[in-house]
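Inspection log for the structure reproduced underneath, given as structure tokens.
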Amino acid sequence: MKMTIRKLTTLFLVITANAVCAQEPPSTFYGEVGQLPLVVRFSDASKVTPKLVRSLIGINITENFAVEGVLGVTLNKDEDVTATMAGTFLKSHLAINEDVTFFGRLGVNRTMLGGVANGSITRTAYGIGLQTQLTRDFYGQFDYMIYGKSPNSESVRGATFSIGTRF
């Protein structure tokens with residue numbers, strides 16, 4: 001537990017330091033859509049992987065800091081388990097070069113399971129990812145997120161490939 005608190009504290013400090021160092025506020029909205037095979041692990045070591053469509057809308061508050069809202073809905077069930085998720089995140093991003101950006105997210109997420117695995121989990125969520133410009137207005141992105149983790153070995157996580165645009 002102490003290690004998780006240290007990791008979250010470090011991620012938060014990086015995000016806030018990055019936001020303070022940013023200079024001018026470009027208020028750019030952006031949106032993404034991608035596929036998320038959500039891995040849900042239960043306390044008995046079993047797991048299911050429903051496939052979700054994850055959509056995201058965000059706004060850049062500063063050059064290196066954004067606020068995002070995420071919504072995911074089931075595209076394909078796994079063993080009659082469905083999932084719906086919603087969350088709010090702070091995103092800190094750092095340009096590696098002209099076309100590639102590294103980012104980290106920290107926020108709160110709620111995942112609701114339906115079908116044979118009925119229940120929900122609301123936890124701190126965090127993750128990292130890379131984004132690359134495809135054209136002037138479109139980009140591709142890969143991220144790995146932990147959407148929730150409980151002390152009794154239950155977790156919700158997944159990697160998403162998405163495409164996005166600025167508007």
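The values are calculated or read from the model by the stated rules, or taken from the named source; none is laboratory data. Since this is a predicted model, take the numbers as computed values, not measurements. A quick note on method: Cβ atoms are made from the backbone with ideal geometry, for glycine too, and the neighbour counts reach across all protein chains shown. Protein only, heavy atoms only, side chains kept; ligands, DNA and RNA dropped before computing areas. Shrake-Rupley method; radii C 1.70, N 1.55, O 1.52, S 1.80 Å.
Okay, here's what the table says:
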{"item": "Residue in segment 38-52 that is farthest from D143 (Cα to Cα), counting only those that are assigned to a strand (DSSP E or B) and open to solvent by less than 50 Å² (accessible area, probe 1.4 Å)", "result": "V48"}
{"item": "Candidates T165, T82, filtered to the one that is among the polar types (S, T, N, Q), out of contact with any helix residue (DSSP H, G or I) (no Cβ under 7 Å at 6 or more places or on another chain) and touching a residue at least 40 places away in the same chain (Cβ under 8 Å)", "result": "T165"}
{"item": "Which numbered condition T88 misses (of (1) in contact with a Leu (Cβ under 8 Å, 6 or more places away or on another chain); (2) without any contact (Cβ under 8 Å) to a residue 24 or more places away in the chain)", "result": "(1)"}
{"item": "Those residues of segment 115-159 which are within 17 Å of R41 (Cβ to Cβ), among the small types (G, A, S) and either open to solvent by less than 70 Å² (accessible area, probe 1.4 Å) or in contact with a Leu (Cβ under 7 Å, 6 or more places away or on another chain) (or both), in sequence order", "result": "G115, A117, G119, S120, A125, G127, G148, S150, S155, G158, A159"}
{"item": "Residue list for segment 67-83, restricted to those being buried (at least 21 other Cβ atoms within 10 Å of the Cβ) and within 20 Å of Q141 (Cβ to Cβ)", "result": "V70, G72"}
{"item": "Residue satisfying all of: in segment 127-154; more than 21 Å from P50 (Cβ to Cβ) and aromatic (F, W, Y); nearest to the chain's Cα centre (by Cα) among these", "result": "Y139"}
{"item": "Segment 68-85, residues that are within 15 Å of G31 (Cα to Cα) and either over 16 Å from the mean Cα position of the chain (by Cα) or hydrophobic (A, V, I, L, M, F, W, C) (or both)", "result": "V70, L71"}
{"item": "F102 being outside any loop (DSSP other than H, G, I, E, B), without any contact (Cβ under 8 Å) to a residue 60 or more places away in the chain and touching a His at 6+ places or on another chain (Cβ under 8 Å)", "result": "yes"}
{"item": "Extreme residue, surrounded by the fewest Cβ atoms within 10 Å (Cβ to Cβ), among residues of segment 84-99 that are β-branched (V, I, T) and in a strand (DSSP E or B)", "result": "T88"}
